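Some notes on the structure that comes next.
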Amino acid sequence: QVRLVESGGGLVQTGGSLRLSCSVSGSMFSINLLGWYRQAPGKQRELVATRTEGGSTKYADSVKGRFTISRDNAKNTVYLQMNSLKPEDTSVYYCAAGRSPRATQREYDYWGQGTLVTVSS
């Protein structure tokens, strides 16, 4: 079993930065993909960024050049550094872990509870 706990959300002004953290505990040996997703009010949950066990990353077009996903193996933590934030980045952000390195959103095995990011204009 794997447990994911997000933190670091909050209120920030347009142009500001936040770093989200996802603490990962449990049996990680089978996890090959870690991802950040977000869901804004009234919208479907969408991909933000993913990172494979091998270090390959993928980003949504809307966040490329502004967001960075990284992992600290010693701390069992995945980060999402968010810079140049925009009001449209306002969402609940979720951390996810999957066994398959090519898992789609529906195929992730574990999800965190989410952390709210609000960007004021």
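The values are calculated or read from the model by the stated rules, or taken from the named source; none is laboratory data. Fair warning: this is a prediction, and the values are worked out from it, not measured in the lab. As a convention, Cβ positions derive from the backbone with ideal geometry for all residues, glycine included, and neighbour counts pool all protein chains shown. We work out accessible area using only protein heavy atoms, side chains counted, and drop any ligands, DNA or RNA first. Shrake-Rupley method; radii C 1.70, N 1.55, O 1.52, S 1.80 Å.
Could you rank the peptides 87-96, 72-81 by their average count of other C-beta atoms within 10 Å per residue, with the highest value first?
87-96, 72-81
Whenever you get a sec, compute what percent of the accessible area on region 1-41 sits on carbon and sulfur atoms (1.4 Å probe).
50
If you place +1 on the Cβ of every Lys and Arg, -1 on the Cβ of every Asp and Glu, and leave all else neutral, what size is the dipole of the chain about its Cα centre, to the nearest 20 Debye?
100
Given the protein chains as shown and a 1.4 Å probe, how many square angstrom of residue 43 are accessible, to the nearest 10?
140
Could you name the lysines whose alpha carbon sits less than 27 Å from that of residue 86, not counting residues in the same chain fewer than 8 places away?
43, 58, 64
How do 111, 36 rank by accessible surface area computed with a 1.4 Å probe, from largest to smallest?
111, 36
Could you tell me the largest-minus-smallest coordinate of the C-alpha atoms of the chain on each of the three principal axes, in descending order and whole angstroms?
Sorted largest first, the three principal extents are 42, 28, 25 Å.
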